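Values in this text are rule-based calculations from the coordinates and carry no lab data. For clarity, every value in this text was computed on a predicted model and none was experimentally measured. Cβ: placed from backbone, ideal geometry, glycine included. Neighbour counts: every protein chain shown.
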Amino acid sequence: MRYLAYVLRRLVATVPVLFGVSLIVFFMIHLVPGDPAKTLLGIRATPEAVAALQKSFGLDKPLWEQYLDFMGRLAHGDLGRSFFYNVDASELVLGRLPATLWLVVSGTVLALLISVPLAVLAASRRGSALDQAIRAVPLVGLGMPAFWVGIMLVLLFGLKLPLFPVSGFGDDVAGHLRSIVLPALTVALALTPILIRSLRTSMIAVLDSDYVVTARAKGLTHRRIILSHTLRNAAVSSVTVLGVNVAYLVGSTLVVERVFALPGIGTLMLDSIFNRDFAVVQAVTLVFAVMVVAINLMTDLAHAALDPRVELS
Amino acid sequence: MSTAVGPVARGRGLAARRPLRMNATLAAGLGLLGALVLAAVFAPLLTSWDPIKQDLSRSLQDPGNGHLLGTDQLGRDVFARLLYGARTDLRVGALAVLFPFLIGGALGLVAGWRGGWFDLILMRIVDIVVAIPFFVLVIALVFVLGSGTRSIYIAITLVGWVAYARIVRGEVLVAKEQEYALAARASGLPTSRILLRHLLPNVVLQAFVFSMSDIVLSILAIVTLGYLGLGVPQPTPDWGSMIQEGQAFIFTKWYLAAVPGLAVVITGLALALIADGFVHRSERR
């Protein structure tokens, strides 16, 4: 019951954030210097196209009325209309969302598979050469541009080890799985330095805690202590650290999709920027933000479910 | 220097004003960054090639024959573009962090000190801005503002100030309960003097340490924008556009894309070492 109340409270807390996000996304068009419709469509735009864009965004109406219209459309799932493709932006986004979700999920799983064992190893052999080596990973990794890592993986796997496709998304589930390996590895390598650093610190706190000291005093082996006493805590820490870095993770998919020609919402956004298709850019920004808010909510709920010490009241 | 009630209890502010006490990590980071900055500043002395001038008769030459790292598809010297690219990316990266640092720091200082509605509203705005992924928002803003250096500064400032506001506010919440701050308040000093002379020196270190990794993030954003064709306008050399141009030749001239990326990694390493060095320094005291 307490957990349900916590879920409801967290759900309610996302409402003002989503409201604020809608405001930012709405005001984006008003940051365009000069006449937004003319600037966005470029110098070769016809007067008809400019008039159509002005009408579509209601740019001649008062600001508050424009916002109410925008929110009214959002409430009906209407994300505007793409000028370039001449279809609803929501249709475009929904068609592209699966590839991005595949990338976010597989990238997260791979990042955890790489960073949790390394962080546990570093924390349990604190001060050793191995620990030093693992601690060097974040120092080098934090400055690696995700798209550059992707290009280097294309070089390695395209030329030397042709095991996985270096572009596209495949046609069936098996094809998706094979195609997602390299983009997911790229996202994972971008996230791993951050995860290792935070997880190592929280694992050290666990290993120094009283109950681990007691377990050690009872004569339990190091292996047993790690496997049966600290891994649950490692899971809790992973969820927390993931929650904190979820926006970074989701953001890095944008450019990784471009490197691997993955048909997700990131490539849709970048293509729409070059097509000057504002409604789609606006829609994708909103969807990315909603994705972050949703994942944040899920990690909070998972954290509360995994760790009974989380204050639910 | 502050006169009346100085920050003696925790002493971080005073210590921050002491001559820099080195540790190996800090020294390595400063050395590496110094070398990069010197290479960028003295680029004309390190290479005689023009980074912009095209010579199609010399396109895609292998390293050697007077071109240390070969030439690109337009016959421009890659080493020269790498050095001049450092000028662009280091300058824009550092400046792009300055505005968020000042604006976010000032807002965080006031929010932490005053509390109340100002703090409440500011923190809700922070929650909203961090909900939109950094790269997504920066790219969307550069799109609406129009590509170019000015737009990059504005976009990174609009997105980046939140981190500084959060950090400084958190530090102020702790610092304002310290004895020196309570004493300053009790002695009737004006708020501006308490904030600027007594609290700021004590809370700014964390924000400064964060700014080192934030410069890395800002350089990553600039390089990413350059890679996407939304960054510093051509023909100004920039590591991101160099990687983007080199990507087309990845299977034949891999170094065209690899080397500018390595330059970003080394810059990130230098700044991460400096940040770590400062953290170790403050932990040891």
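If a spin label sat at a point 7 angstrom from the Cα of A:Leu161 along the line to its beta carbon, the backbone N atoms of region A:87-131 nearer than 15 Å would be those of A:114.
Between A:Phe27 and A:Asn86, 0.36 nm times their residue separation minus their Cα-Cα distance comes to what? Once the chain is fully extended between A:Phe27 and A:Asn86, it gains 18.9 nm. Partner aspartates and glutamates whose Cα lies under 16 Å from the Cα of B:Lys176, excluding those fewer than 8 positions away in the same chain, are identified as B:Asp119. When the Cα gyration tensor is reduced to axis lengths a ≥ b ≥ c, the ratio a/c is 1.5 or higher for region A:54-93, and with a/b not above b/c it is classed as oblate. The angle between the Cα long axis of helix B:116-131 and the main principal axis of chain B comes to about 20°, on a 0 to 90 degree scale. The distance separating the Cα centre of region B:157-198 from that of region A:24-55 comes to 43 Å. Within region B:36-134, the chymotrypsin sites (Phe, Trp or Tyr not before Pro) that combine a DSSP coil assignment with at most 15 other C-beta atoms in a 10 angstrom radius are B:Phe42. Rounded to whole numbers, the Karplus 3J(HN,Hα) couplings from phi for region A:38-52 are 5, 5, 5, 7, x, 6, 8, 5, 7, x, 5, 5, 4, 5, 5 Hz, using 6.51 cos²θ - 1.76 cosθ + 1.60 with θ = phi - 60°, and x at Gly and Pro. Kindly provide the helix-only [θ] at 222 nm of chain B, computed as the sum of -39,500 (n - 2.57) over DSSP H runs of four or more divided by all residues, to the nearest 500 deg cm²/dmol? The helix contribution divided over chain B gives -23000 deg cm²/dmol. Please label the shape of region A:169-237 as rounded, prolate or oblate, based on the square roots a ≥ b ≥ c of the eigenvalues of the alpha-carbon gyration tensor (a/c under 1.5 means rounded; beyond that, a/b larger than b/c means prolate, else oblate). Judged from the Cα gyration tensor, region A:169-237 comes out prolate (a/c at least 1.5, a/b above b/c). If you take the beta carbon distance between A:Arg178 and A:Ala75 as r and set R0 to 30 Å, what does 1/(1 + (r/R0)^6) give as a FRET efficiency, to the nearest 0.05? Using R0 = 30 Å, I get an efficiency of 0.15. What the phi angles of region A:267-284 give under the Karplus curve with 6.51, -1.76 and 1.60, with θ = phi - 60°, is a coupling list of 5, 4, 5, 5, 4, 5, 5, 6, 8, 6, 9, 4, 4, 6, 4, 4, 5, 5 Hz, glycine and proline written as x. Applying the criteria of a DSSP loop state and at most 11 other Cβ atoms within 10 Å to the trypsin sites (Lys or Arg not before Pro) of region A:1-95 yields A:Arg44.
Shown here for region B:160-211: GluC sites (Glu not before Pro) in loop regions (DSSP other than H, G, I, E, B) with at most 14 other Cβ atoms within 10 Å, namely B:Glu177. Taking a straight Cα-Cα cut-off under 23 Å and skipping sequence neighbours fewer than 8 places away in the same chain, the lysines within cross-link reach of A:Lys55 are A:Lys38. Round to the nearest 0.05 the FRET efficiency obtained for B:Leu102 and A:Leu63 when R0 = 22 Å and r is the Cβ-Cβ distance. About 0.15, to the nearest 0.05. Computed over chain A with a Gaussian network model linking Cα atoms closer than 10 Å, the most mobile of A:Leu242, A:Leu161, A:Leu191 is A:Leu161. Could you tell me which of rounded, prolate or oblate describes the protein assembly as shown, using a ≥ b ≥ c as the square roots of the eigenvalues of the alpha-carbon gyration tensor, with rounded for a/c under 1.5 and, failing that, prolate when a/b is larger than b/c and oblate otherwise? Rounded, since a/c falls under 1.5. For A:Arg81, what is the net charge nearby, where nearby means another residue's Cβ is under 13 Å from its Cβ and Lys, Arg count +1, Asp, Glu -1? Counting the neighbours of A:Arg81, the net charge comes to -2.
In order along region B:243-252, the phi-based Karplus estimate (6.51 cos²θ - 1.76 cosθ + 1.60, θ = phi - 60°) of 3J(HN,Hα) comes to 5, 4, 5, x, 4, 5, 10, 4, 8, 10 Hz; Gly and Pro are listed as x. Centre-to-centre, using Cα atoms only, region B:234-248 and region A:111-172 are separated by 24 Å.
Between 0 and 90 degrees, the angle of helix A:146-155 with respect to the longest Cα principal axis of chain A falls at about 80 degrees. Annotation: amide H of A:Arg81 within the under-5 Å range of A:Ala89, sequence separation 5 or more or interchain, hydrogens built in the peptide plane.
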